[in-house]
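Nothing in this text is a laboratory measurement; each read-out follows from the coordinates by a stated rule. Remember, predicted model here, so these are calculated numbers, not experimental data. Note that we place each Cβ from the backbone using ideal geometry, even for glycine, and neighbour counts take in every protein chain shown.
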Amino acid sequence: QMLRQQNTVSRRRPHAILFFVPFALFNNSVLTAVMKSHFDKIKTASFTPFVIVSRLDEAVPQLRSAPNNHFPEVELYRQKAALIFGVPLAFVRFSMPYTEEQTRSFQIERLSFGILHDSAVAAATKPRI
């Protein structure tokens, strides 16, 4: 069994990575530098990194009720993440956690599905940056 595991190790490596970063990180240059150094290790390993800016609803409260609407503040955070981590804007998404909801939210689930869908497509096509 050990030999079989060794023979399949190259096929079992990940092809897409979701790198979650809380939006508040962008206000701390030391933590941003630490996160960027970790991200650069992933990027040089030729993976497909997606940057997910999390908890963005804390900075943009109206996002929680209408995450599909266009909010300039959201785009600024996405652009900042793309610039800091050196990825195309298309590889930067945002997410919201469940907080006080008593039932599942279609809007939050839709955001999560979009992230998973894009990462599955990336894993299948293996785009490189």
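Please identify every one of the trypsin sites (Lys or Arg not before Pro) in region 84-117 that sits in a loop by DSSP and has no more than 10 other beta carbons within 10 Å of its own beta carbon. Walk me through the intermediate numbers first.
Numbers: sites: 93, 104, 110; in loops: 104.
Within region 84-117, the qualifying trypsin sites (Lys or Arg not before Pro) (loop, at most 10 other Cβ atoms within 10 Å) are 104.
The simple Förster model, with R0 at 35 Å and r as the Cβ-Cβ distance, assigns residue 125 and residue 83 a FRET efficiency of 0.90. Taking a sphere under 12 Å around the Cβ of residue 34 and counting the other residues whose Cβ falls inside, with K and R at +1 and D and E at -1, yields a net charge of +1. Loop-resident GluC sites (Glu not before Pro) (DSSP state other than H, G, I, E or B) in region 59-129 with no more than 14 further Cβ atoms inside 10 Å of their Cβ: 100, 101. Across the options 25, 49, 88, the greatest Cα extent toward the positive end of the charge dipole of region 24-89 (unit charges at beta carbon of Lys, Arg, Asp, Glu) belongs to 49.
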